[in-house]
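**Q** Below: one structure in structure tokens.
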Amino acid sequence: MKNAPRFPALRILILALGLFAFLALIVNVALPASAQTETVLYNFCAQSGCPGLPDGGVIADPEGNLYGVTYTGGVGGTVFKLTPVGELSVLDSFDDSHQGVAPEGQLAFDQQGNVYGTAAEGGTNRYLVTAGDGTLFKLSPDGTETDLYNFGANSSDGITPTGGVVIDADGNLYGVTYRGGAYHVGTIFRLSPEGVETILHTLVHNKTDGSNPSAGLIMDSHSNVYGTTESGGLYGGGTVFEVTAQGSYRILHNFAAYPGDASFPEASLTLDSQGNLYGTTGYGGTYGGGAVFKMIPGANGSWNEIILGSFNRFAGQPNNSCWDPTSDVVFDAQGNLYGTTMFGGLWVNGCAYEINSAGELTILHAFGKDHDGAQPFGNVLFYQGNLYGTTYVGGAYDNGTVFKITP
């Protein structure tokens, strides 16, 4: 079972010793030859105050500018914009005078071009965490930053928002907190445009409910939201859940905490046009190294799970020598799925992969050599025929990168 898996720096430290145990096996495994091209669009610098350690992936505006967050930079992290020609500007630098620190998760746009996100720590409330319980913020197109909500307002409020937010047609924001709530294992919340918070569900640490949601929510065309919990559920391996537009909560799937089924999901879900859900888990699958799964709606409100691809923590199968998929998956126009793993590959620093419409898994790129990025973390974006994302470390200054892969 994973311990405190949401925070990348701690996560890398916990797993670092294990990587050396696999290294001797993996370096002799040849990944399949391919014509894919990986380009580092930006190397985050390592000087004091520079933005670095990007951990939420990127989103794009209509002009092709990319936006994301970094865990460090300024005093407590930044929001950045990267132009198509590689020029980076810091839109907001967190200082915790009120706005929080350690921004995490994917950003979101509204129709007016405002950007929304979450900071996992800091802010004005310190009900349960001495460093602050986290914030939800808004950045207007002119650069004005507004603190919409400070978490930890009372003993039942959630704390440590990690996944960003999703927005409905009325401007309400939906998200999760990793901790807090009445049972201290997280909440699902809605925030009105006026800044009024409603707890849609308080998670309970027992076999009837999931616990510790870390990934952002997604929303369908009827304003139902879907998400995952890293742990809990009937078998302890996490859950997939739904909250309807009317506020009704239910678990769609309980992951089993053993190889075979997927287990311990950490990334956002993806919805296709038929209403199927797709996602990834860091553990489980056929080889124990994580899996890509599909959830298909059935009769009478039931859902059926299919494992689309499994990853291997041990070498021996070149296509499966990458492990720990922590990104969501995204589609191209042909129905192929793309994502990243945080570890594995020839240099043990993560991979980008494709699962085609026939279900075949191919490694597109192994990260971590010759100033390449390492340990891709956060959601991925398929935009104008290319796959975009961020690596938490690596690059020319070992402080993370923004990358593009052309399949």
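**Q** Could I have the simple spin-label model distance between ASP147 and ILE307, label points 7 Å from Cα toward Cβ, reported in nm to one decimal?
**A** Once both label points are built, they end up 4.6 nm from each other.
**Q** Under a cut-off of 25 Å between alpha-carbon atoms, report the lysines in cross-link reach of LYS404, not counting same-chain residues fewer than 8 places apart.
**A** Result set, ordered by chain and number: LYS81, LYS369.
**Q** Let me ask something additional. If you count, for each residue, the other Cβ atoms within 10 Å and average over each peptide, how do 295-305, 392-402 line up from highest to lowest? Each step should come with its number before you reach the end.
**A** On the way: 295-305: 11.9, 392-402: 23.3.
Ranked by mean Cβ neighbours within 10 Å, highest first: 392-402, 295-305.
**Q** Could you list HIS253, HIS205 so that the one with the fewest beta carbons within 10 Å of its beta carbon is first and the one with the most is last? Please list the in-between numbers first.
**A** Values: HIS253 24, HIS205 15.
Least crowded to most crowded, the residues run HIS205, HIS253.
**Q** Roughly what percent of Cα-Cα pairs across segment 171-236 reach past 19 Å? Could the numbers behind the result be given before it?
**A** Values: 677 of 2145 pairs.
When every Cα pair of segment 171-236 is considered, 32 percent fall beyond 19 Å.
**Q** Related question: Just the Kirkwood number for segment 283-407, please: inverse of mean 1/r across all distinct Cα pairs, in Å, one decimal.
**A** Answer for segment 283-407: a Kirkwood hydrodynamic radius of 14.7 Å.
**Q** Can you give me the distance in nm between label points at TYR235 and ASN356, each placed 7 Å from the Cα along the Cα-to-Cβ direction?
**A** Computed distance between label sites TYR235 and ASN356 equals 3.1 nm.
**Q** Continuing with the same structure: 5 Å is the cut-off here: which amide hydrogens, built 1.01 Å from N in the peptide plane, fall below it relative to GLY309, excluding neighbours closer than 5 in sequence?
**A** VAL292
**Q** P(r) for segment 207-313: what percent of alpha-carbon pairs falls in each 5 Å bin, starting at zero?
**A** With a bin width of 5 Å, the distribution comes to 3, 14, 24, 27, 19, 9, 3, 1, 0.
**Q** Right, next: Between ALA299 and TYR249, what length in nm is gained on full extension when 0.36 nm per residue of separation is reduced by their alpha carbon distance?
**A** Numbers: separation 50, 0.36 × 50 = 18.00 nm, distance 1.83 nm.
My answer for the length gained is 16.2 nm.
**Q** Something else: Please report Rg over Rh for the chain, where both radii come from the alpha carbon positions and Rh follows the Kirkwood definition.
**A** Values: Rg = 19.5 Å, Rh = 20.8 Å.
Rounded to two decimals, Rg over Rh is 0.94.
**Q** Just subtract the alpha-carbon distance of ALA169 and SER155 from 0.36 nm times their residue separation and send over the number in nm, one decimal.
**A** Numbers: separation 14, 0.36 × 14 = 5.04 nm, distance 3.05 nm.
Extra length from ALA169 to SER155 when fully extended: 2.0 nm.
**Q** Report the label-to-label distance for PHE331 and VAL90 in nanometres (one decimal), using points 7 Å from each Cα along the Cα→Cβ vector.
**A** Distance between label points: 4.0 nm.
**Q** Which order do HIS365, HIS184 fall in if you start with the one that has the fewest other Cβ atoms within 10 Å? Write out the running numbers ahead of the final one.
**A** Working: HIS365 23, HIS184 16.
If I rank by nearby Cβ atoms, fewest first, I get HIS184, HIS365.
**Q** Viscosity 0.692 mPa s, temperature 37 °C: what is the translational diffusion coefficient of segment 109-205 from Stokes-Einstein with a Kirkwood Rh over Cα pairs, rounded to a whole number of µm²/s?
**A** On the way: Rh = 13.2 Å.
For these conditions, the coefficient is 249 µm²/s.
**Q** Counting each pair of different Cα atoms once, what's the Kirkwood radius of segment 274-348 in Å, rounded to one decimal? Can you show the working numbers first?
**A** Values: mean 1/r = 0.0769 Å⁻¹.
That comes to 13.0 Å for segment 274-348.
None of the figures in this text is laboratory data; all of them are computed from the coordinates on show. Computed from a predicted structure; not experimentally measured. Note: ideal-geometry Cβ built from the backbone for every residue, glycine included; neighbour counts use all protein chains shown.
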